[in-house]
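Presented below is the structure to which this report refers.
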C-alpha cells in the first residue's frame, strides 16, 4: 500500500485508508454479500457525510451548490462504476422492484450500451443520453447510486447546461467542487486495493454496460 500512496497528499492518504479499512473489515468478517454490502453502505455514508459538511460550508460562504432533485443534466453523461458497486446496486434494485420494471431498465441499459460500446473514450465523454435509471427527472435508486454520482457537486448550473447542450465546447466544464471528487476517488481506490490484496479482482464499467450485465445475472461480476 505504501507504493500506491507515494504521490498522495495527506488528505488523500486519510481517505484512501478509510476506504481500505472498510473493505478490510468486510474481509476479516468473512467476505460475503452481507459483509460487502455493509462495507459499501459505510463507504457511501462516509462520503455523504463529507458532502453534507461541504454543502453547509458552501452555503455559509454564499456559494451554494446548484444540485437539487429534478436537476438531472449530469445524468445524461458517461458514468463509471466499479463491479462491487454495480453488484450492490443490482441487489437493491432486485429487492425493490418488479420483474417488469427491471426488464424496462435492462432494455434501456442495452440500448444505451449498444450506442456507446463502439465509441472512442472521447466520443463517450461528449455523448449525451439519459441514464437508464433516470425517471421523471430523478434517480430511481438514489440511495444506492454509485460513488461517481455522489461526488458530482456543481456550484454553477449554467456550466452544467452548457456542458449538456454543447459538449464540444472545450473551454467549458461543469464547475465542480474538487474536494469531494478527490475524496470519493481515494476512498474507492483504497476499497479496491483491500479487495485486490485479498485476491478479489474488480473492474470498472460504464453504468449502462454494468447494469446490462448485473440485472440479467445473479452472480458477482468479479471474483478470485
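Of the helices (runs of 4 or more DSSP H) lying entirely inside the stretch 75-154, those carrying at least 3 residues that are modelled with pLDDT of 95 or more and farther than 27 Å from residue 52 by Cα are 99-116.
Is it the case, given these coordinates, that residue 89 is surrounded by 19 or more Cβ atoms within 10 Å (Cβ to Cβ), touching a helix residue (DSSP H, G or I) at 6+ places or on another chain (Cβ under 8 Å) and on the phi < 0 side of the Ramachandran plot? Here the answer is yes, as residue 89 does meet what is asked.
Yes or no: residue 169 in a loop (DSSP other than H, G, I, E, B) and either farther than 14 Å from residue 67 by Cβ or modelled with pLDDT of 95 or more (or both)? Against the criterion (in a loop (DSSP other than H, G, I, E, B) and either farther than 14 Å from residue 67 by Cβ or modelled with pLDDT of 95 or more (or both)), residue 169 qualifies.
Is it true that some residue in the stretch 178-196 is touching a helix residue (DSSP H, G or I) at 6+ places or on another chain (Cβ under 7 Å), modelled with pLDDT under 95 and not in a helix (DSSP H, G or I)? No; the residues of the stretch 178-196 include none that is touching a helix residue (DSSP H, G or I) at 6+ places or on another chain (Cβ under 7 Å), modelled with pLDDT under 95 and not in a helix (DSSP H, G or I).
Evaluation of residue 130 against the conditions (1) over 17 Å from the mean Cα position of the chain (by Cα); (2) surrounded by 13 or more Cβ atoms within 10 Å (Cβ to Cβ); (3) over 24 Å from residue 41 (Cα atoms); (4) free of Cβ contacts under 8 Å to residues at least 60 places away in the same chain shows that the sole unmet condition is (1).
In a residue-by-residue description of the stretch 63-73, the property of being in a helix (DSSP H, G or I) and more than 26 Å from residue 26 (Cα to Cα) applies to at least one position.
Total residues in the stretch 1-33 satisfying the condition of being modelled with pLDDT under 85 and either surrounded by 15 or more Cβ atoms within 10 Å (Cβ to Cβ) or in contact with a helix residue (DSSP H, G or I) (Cβ under 8 Å, 6 or more places away or on another chain) (or both): the figure is 4.
The values are calculated or read from the model by the stated rules, or taken from the named source; none is laboratory data. No experiment lies behind these values; they were computed from the predicted model shown. Note that we place each Cβ from the backbone using ideal geometry, even for glycine, and neighbour counts take in every protein chain shown.
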